[in-house]
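Take a look at the structure set out below.
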C-alpha cells in the first residue's frame, strides 16, 4: 500500500475501522465530515508535558557553557539545538540527592522522575522510592484524554541482576515511569503497537445518531470487551479472597490492569472536551516489528509521540531514547565503534572520549528533531511546542565518573506562555530536581504542596 | 560429605564435617573479632535499641540459631551494603568472613528442618503463553509482537514469580491477543445478509460485522432508470458512490443494482444509503456479501477439532453443544477439572452473543475470549494453606508444575488423567513421567531456555555481541544463531542420553554447521564436514571443550574489540561455580590509562599488553583480594578473542600468554589445563547446576531453607555419576517441588543474588 496520510478526523472518530487502518485510509477522502459539536471542543490548546530520557550522561564541559551569564554560547553537545535557541533553557545545579552513590546507573533511572530512594533488590521487592511525575500527572489529569499517558522507548526491558554493580535488578534501568513505588509502567518499543494504541483508545462505540445507552449499542460487538472484563474481574475478586497475601498482590495488579482498560472504555463513552487540530498528520501506520536501524526506530517512536500530542490523545508522555547503560551498537554514528556505555568510560583516552562525545551529541540531535516537529505544528496561531513543556537530559552528569551533581537538564517549550526560554538558569548548588517537577505540576494545574524531595519551586522560569 | 570449596577458602576453613569443632574455633578465633571490630558501633548486642543482633553469637553453633540473619550478614558483606560509610574492613576480611558464613550455613543446612517454600502466584510468561495457546488451539501465535517482555529475577530466569509483574498494559494486550488467536482458530461463516429498505424513511441499517475484510454491498433499485445519485455511508465516514450495475440477462422486470466493494472492520456498523434526487429513494433492499475466502484444509480441521462441527453447520441444540465445547476447553485451559459453576459465567457471554443473532461460531468465540483473559487461565493457580506446615500440592497443581517446568506449557492428557486418578504424588509415577516428558521433543524448550538464560547466551547477536556491520564477513545472524544453539545442544544431548553433567565442562564434542566450521576456522581440520544444520561433531583438537569455550560464552564475556580476563574470570566464578566475588568497591581509582605511544590511533590496538594492564590490579590490596581469583582464570582463556575465535597473538603481535595461578596454588596454562582445575571443583559446579535448575523449576528465589535440598540433590547426583536425568528426577521428587509451605514464610535468599555478569565493569 502506498504511503497514505491519516486525517486527524479519522483518528478522532475511529469510525468503523479503528483497527483496520490501511483500508480505512483508502475509504477516507480528503475532506471529512463537519467538525464535532462545539460543546466537545476545547477553546484553546491544552498544555502538555513530555520527558525525554537520555542514557549514559554527558561530557560535562561539552554540555555546560563556560562562565555564568544568563546568555550563553552553545556548547558542542548543544549545537544541534541551534535553531531552537529561544525555545529551551538550561537548568543548572539541579540534582537528585537520594541517588548519590551505590551504583552509577540503576538507582538514577527510576529516581530521575520521582526523586525517590531506589532500593537495592534482586527483583522480588522493587521500590523506586516514589511515583514518577509523569504518572502523578496521568493519575490527576489522565481522565481528560483517551490515553492517560504514553510511555515509549526503543530497548527491551533489561534482565538479570547486576551483582558486580551492587545487586540491583537491571530492570530498574529500563523504567523511568512508575505508577507507584513498586509498579513500573511498561514502555512500548514496537512502533506499530504504539501507533495502534492511539487508535484503539479512540475506538468509539458510539454510533452517530444513537444514544450511548441505546440497547442496540449496549449489546453490540463494540461493547463485548466491557462484558468480558466484568466477568474476569469478578473471578479475580473471588480468587483474591482465597489467596494468600503474596497472591493478592499479583491479583491486585491484574485487577488494576483490567480496571485501566475499563476506564478507557468508559472514558471513550463520555464526551471529553478535546482540542481539535485541523489538517492531516504525515505519518503512516508503521509495519510490524522494530525498524532495522536505531535512528529510524527512535525517530518513529518520536513521531508517534508527536501524533499522540497533536491529536490530543494524551497530554503526558515519556520517551526513553535508550535504556540506562545502553551498550547497543552505536556504529550508525559515523566514526563510532561499538556500544555507547563502553566509550562512556573513556578514562580520558582521546579516541574513546571523542566517540562518547559524538554519541551524546547524537542524542541531543534526536531531541532537537522532536522539538522541531512540535514547533512545526500550528495550533491556532501558536505552535504545539508553545503549548508544551519538554524536559530532557540524564540522571548522571558525567558518563565516565557517574557524577550526581548539576545534572544535565534542560526544559523546552513555552508552557503556554509561562516560561521564558533561551536562558541559562543557575540555581543554588544541590537544588532538588523535584523543584522543577513541582513547577511543572503547578503549570499543568495539579496543586501539590510538594513532590519527591522538593523544597520549593523553580521561581524564575517565567 | 566432601565439600571442596574455592581453594582459597579451603586454605582457611577445614572442609569436612569431621572437623566441625575446628570450624567452631575458627569462628571464635578469627571471624567474630572481625565482625566485633567493624559492626559493634551499630549492632552492639548490649544496646537494647539494636534489633539486629548477630553479634550475640559466640560460637559457630550459634549461627544456626538465626540462619536467616546470618545469611543476610554474608549477603550484605558481599554486596558491600555493610559496614555502612567509611570502614576499616579489609577486602581480604570481607571475602573471608562472607565465605566462612556461607560455608558454615551450607554445612549445617539440614539442621533447620524440612522446608518447602512458597511460590508467588505466577502468570504465564510469554513463552509459556505461546506454548499453552499452541497446545490448546493449535495456533502458533507470536507473542513477542504484542506482549512486553518479561522481567527475570530470583535465580535469574523468566519463570520467577516475583518478577512476573502484571503491568497495566497487559490486560489490554490479553484482550487483543485472545481476539487475534480465536479469529485464527475459529472460522466464522461468510456473511450474506439482505436488509429491506424503507424508502421515505431512514435508509440506514445496523449490521454486525464479524470479520475484517472486503464486502460487496448491493442496493437493489426499484426502477429501471434512476435520475438521482446513490451513494453509501458507513458510520460517519464520507459517502462513497454506488456504481450502477445493469441486470444480468434481458427481459421485463429486471432491475439494476448499485454496487460497491468496501472493507469493513469488526463491530456493529451503521450502513446508510444516501440518495440525492427527487422523491423517495428508488431502492428496495441492501445486501451485504462477504468476499469469499475459503479456509485451508488444516484450518478447517483445527476448527472441527475444537468445535466438533464444520463452520456454519446446523446445530440442533447450540447452547448444549456450546456447553460441551466449553467444558472440554476449560479443563485444558484451567488445567484442572471444571464445575458447572466454572462454565456458567462464560455461558452468559454465549447468551449475549446469541441474543443479538450472532452465528454459533461467534457466540463461542466471545465466551472463549473471556476464558483466555480469565485469571484461572493466565495464572498458575495454587491453593494456599494458611496454617504453618508443609503440604503436598494438589494433583492438578503438581501436573502444572511438572509440565511448565519441563515443557513450558500446560499438562497433556496423560498428566491430567494421572492427576484425576490421584496418582501423581506417587514417586514411581512421577519418575516415569519425568522420563516420558524428557523424551518428548517439547522438553527442548526447557534446554533452550535454561541454558540461554543461565549462561546469558540467549542475548548473543542482540544485546550481547551485537551484529556489527564491520564483522559481517564472518559474524552474521545465522552464525550467531548457530553459536547460541551450541551450548543448548550439548546440554540437550546430555539430557536426552542421560550423560554426565560434568560434560558441560569437558565435552570433547559440539554441534557444528558449515557456518560454524568457517567461523571457528576449522576448514582444514574438518575437511569432510558438510552440514547446514547443527551436527554432532568431535572437536579436532583439545582447544575447546564443554560450554565455557564456546564462541557464545567467549563473546559475551568480552568487551567490544577487547577480551576481558576479568569478566571471564568473574563469569566462571559466578555462573559456573556459584561463588561470586563482591562488586568493586566504590571510588576505586582507575587503572593507569593506557600509555599512548605511536600506535595509539590504530583501532583496537592496546599499547601495552592486556595482561600487564590487568596485573596492575594486584598492586592495590583493595583490588587484589578478588582479582587474584578472577584474573588468572581469564588469562587461561586469552587464546579466544573477543568474538570467540582462536588467536595466537594479541592485536599488537604479542604472543598470548595463557598461564595463570590461583592463590591456593593451582597453576595452569590455557583452557585445557584450566578445565582440569574446574573439574577438581566439581562439587561447587554440581551445587551450582543443581541450584540453577531448582530455581528455574520452582520459579522463586532460593532461600536459606533450600540449602539442605540443594546439598541433598548434589550428593545424590554425585553418587549416580552426575547423570542429568537423575538430577531432574530428584528435583521433581524433592519436597519444595512437590509441596508448598503454609503460613507465613520468611524470605531470605539462599545464596548471594545470582550474578549474570555480562559486562559488569569496565577495565579502564
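The values are calculated or read from the model by the stated rules, or taken from the named source; none is laboratory data. On a predicted model such as this, the values are computed, not experimentally measured, just so you know. With ideal geometry, Cβ positions are generated from the backbone for all residues, glycine too; neighbour counts draw on all protein chains shown.
In the range A:104-119, how many residues are buried (at least 22 other Cβ atoms within 10 Å of the Cβ), within 19 Å of residue B:80 (Cα to Cα) and either in contact with a strand residue (DSSP E or B) (Cβ under 7 Å, 6 or more places away or on another chain) or within 13 Å of chain B (Cβ to nearest Cβ) (or both)?
Summing the residues that are buried (at least 22 other Cβ atoms within 10 Å of the Cβ), within 19 Å of residue B:80 (Cα to Cα) and either in contact with a strand residue (DSSP E or B) (Cβ under 7 Å, 6 or more places away or on another chain) or within 13 Å of chain B (Cβ to nearest Cβ) (or both) in the range A:104-119 gives 4.
Could you check the range B:72-95 and list, in sequence order, the residues that are under 24 Å from residue B:630 (Cβ atoms) and in a helix (DSSP H, G or I)?
Within the range B:72-95, B:73, B:74, B:75, B:76, B:77, B:78, B:79, B:91, B:92, B:93, B:94, B:95 meet the criteria.
Scan the range B:257-281 residue by residue and report those that are modelled with pLDDT of 90 or more and more than 17 Å from residue B:239 (Cβ to Cβ).
Matches in the range B:257-281: B:257 only.
Inspect the range A:432-455 for any residue being in contact with a helix residue (DSSP H, G or I) (Cβ under 7 Å, 6 or more places away or on another chain), closer than 29 Å to residue A:299 by Cβ and at pLDDT below 95 and give the result as yes or no.
No; the residues of the range A:432-455 include none that is in contact with a helix residue (DSSP H, G or I) (Cβ under 7 Å, 6 or more places away or on another chain), closer than 29 Å to residue A:299 by Cβ and at pLDDT below 95.
Quick one: in the range B:323-356, of everything that is within 30 Å of residue B:193 (Cα to Cα) and more than 10 Å from chain A (Cβ to nearest Cβ), which residue is nearest to the chain's Cα centre (by Cα)?
Selected residue: B:326.
Rundown of residues vs (1) more than 13 Å from residue A:52 (Cα to Cα); (2) touching a helix residue (DSSP H, G or I) at 6+ places or on another chain (Cβ under 8 Å); (3) crowded, with 21+ Cβ neighbours inside 10 Å; (4) at pLDDT below 95, yes/no style:
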| position | (1), (2), (3), (4) |
| --- | --- |
| A:374 | yes, yes, yes, no |
| A:377 | yes, yes, no, yes |
| A:380 | yes, no, no, yes |
| A:392 | no, yes, yes, no |
| A:395 | no, yes, yes, yes |
| A:403 | yes, yes, no, yes |
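Provide a single number: the residues in the range B:620-645 that are surrounded by 18 or more Cβ atoms within 10 Å (Cβ to Cβ) and either outside any helix (DSSP H, G or I) or free of Cβ contacts under 8 Å to residues at least 12 places away in the same chain (or both).
9
In this structure, does residue B:460 turn out to be modelled with pLDDT under 95, at negative phi and surrounded by 17 or more Cβ atoms within 10 Å (Cβ to Cβ)?
yes
Against the condition touching a helix residue (DSSP H, G or I) at 6+ places or on another chain (Cβ under 7 Å) and either part of a helix (DSSP H, G or I) or modelled with pLDDT of 95 or more (or both), how does residue A:77 come out, does it pass?
yes
Pick out the one residue from B:263, B:269 that is facing chain A (nearest Cβ under 9 Å), without any contact (Cβ under 8 Å) to a residue 60 or more places away in the chain, in contact with a strand residue (DSSP E or B) (Cβ under 6 Å, 6 or more places away or on another chain) and under 15 Å from residue B:191 (Cα atoms). Give the steps one after another, and end with the answer.
Working: B:269 fails: without any contact (Cβ under 8 Å) to a residue 60 or more places away in the chain.
Unique residue meeting the criteria: B:263.
Residues checked against (1) within 30 Å of residue A:46 (Cα to Cα); (2) touching a helix residue (DSSP H, G or I) at 6+ places or on another chain (Cβ under 9 Å); (3) outside any loop (DSSP other than H, G, I, E, B):
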site	(1), (2), (3)
A:83	yes, yes, yes
A:89	yes, yes, yes
A:98	no, yes, yes
A:114	yes, yes, no
A:118	no, yes, no
A:139	yes, no, yes
A:179	yes, yes, yes
A:186	yes, yes, no
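Could you list all residues from the range A:197-217 that are modelled with pLDDT of 70 or more and either within 9 Å of chain B (Cβ to nearest Cβ) or surrounded by fewer than 16 Cβ atoms within 10 Å (Cβ to Cβ) (or both)?
Going residue by residue through the range A:197-217, those that are modelled with pLDDT of 70 or more are A:197-199, A:213-217.
Within the range A:197-217, A:197, A:213, A:214, A:215, A:216, A:217 qualify.
Inspect all residues belonging to the range A:342-350 and state whether any of them is within 14 Å of chain B (Cβ to nearest Cβ) and in contact with a strand residue (DSSP E or B) (Cβ under 7 Å, 6 or more places away or on another chain).
Yes, some residue in the range A:342-350 is within 14 Å of chain B (Cβ to nearest Cβ) and in contact with a strand residue (DSSP E or B) (Cβ under 7 Å, 6 or more places away or on another chain).
Tell me which of these residue B:166 doesn't satisfy, since it passes every other one: (1) in contact (Cβ under 8 Å) with a residue 60 or more places away in the chain; (2) touching a strand residue (DSSP E or B) at 6+ places or on another chain (Cβ under 7 Å).
Against the list (1) in contact (Cβ under 8 Å) with a residue 60 or more places away in the chain; (2) touching a strand residue (DSSP E or B) at 6+ places or on another chain (Cβ under 7 Å), residue B:166 comes up short only on (1).
Among (1) in a strand (DSSP E or B); (2) in contact (Cβ under 8 Å) with a residue 24 or more places away in the chain, where does residue B:244 come up short?
(2)
If I filter the range A:146-159 down to residues being over 15 Å from the mean Cα position of the chain (by Cα) and in contact (Cβ under 8 Å) with a residue 24 or more places away in the chain, which single residue comes out as farthest from the other protein chains (Cβ to nearest Cβ)?
Step one: list which residues in the range A:146-159 are over 15 Å from the mean Cα position of the chain (by Cα), which gives A:146, A:156-159.
From what is left, the residues that are in contact (Cβ under 8 Å) with a residue 24 or more places away in the chain are A:146, A:156-158.
Working: A:146: 13, A:156: 5, A:157: 5, A:158: 8 Å.
If we take residues in the range A:146-159 being over 15 Å from the mean Cα position of the chain (by Cα) and in contact (Cβ under 8 Å) with a residue 24 or more places away in the chain, then A:146 is farthest from the other protein chains (Cβ to nearest Cβ).
Which of the residues belonging to the range B:695-717 are in contact with a helix residue (DSSP H, G or I) (Cβ under 8 Å, 6 or more places away or on another chain), under 21 Å from residue B:65 (Cβ atoms) and not in a helix (DSSP H, G or I)?
Result: B:704, B:705.
Filter the range B:130-153 down to the residues that are at the interface with chain A (Cβ under 8 Å from one of its Cβ atoms) and not in a loop (DSSP other than H, G, I, E, B), then identify the one that is nearest to residue A:174 (Cα to Cα).
Going through the qualifying residues, I end up with B:153.
Considering (1) at pLDDT 90 or above; (2) within 30 Å of residue A:158 (Cα to Cα); (3) over 26 Å from the mean Cα position of the chain (by Cα), say which one residue B:681 fails and leave the rest.
Every listed condition holds for residue B:681 apart from (2).
Based on what the data block shows, is residue B:171 part of a helix (DSSP H, G or I), closer than 20 Å to residue A:185 by Cβ and within 9 Å of another protein chain (Cβ to nearest Cβ)?
Values: part of a helix (DSSP H, G or I): yes; closer than 20 Å to residue A:185 by Cβ: yes; within 9 Å of another protein chain (Cβ to nearest Cβ): yes.
The answer is yes for residue B:171.
Does residue B:416 qualify as being part of a helix (DSSP H, G or I) and out of contact with any strand residue (DSSP E or B) (no Cβ under 9 Å at 6 or more places or on another chain)?
yes
Residues in the range B:381-395: is at least one under 22 Å from residue B:184 (Cβ atoms) and assigned to a helix (DSSP H, G or I)?
Taking every residue of the range B:381-395 in turn, none turns out to be under 22 Å from residue B:184 (Cβ atoms) and assigned to a helix (DSSP H, G or I).
Do we find a residue being modelled with pLDDT of 90 or more and in a strand (DSSP E or B) anywhere in the range B:306-317?
Looking through the range B:306-317, none of the residues is modelled with pLDDT of 90 or more and in a strand (DSSP E or B).
Results for (1) surrounded by fewer than 20 Cβ atoms within 10 Å (Cβ to Cβ); (2) at pLDDT 85 or above, shown as yes or no for each residue.
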residue	(1), (2)
B:28	yes, yes
B:43	no, yes
B:51	yes, no
B:71	no, no
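Check every one of the strands (runs of 3 or more DSSP E) wholly within the range B:444-551 and list those with 2 or more residues that are touching a residue at least 40 places away in the same chain (Cβ under 8 Å).
Ranges flagged: B:464-466.
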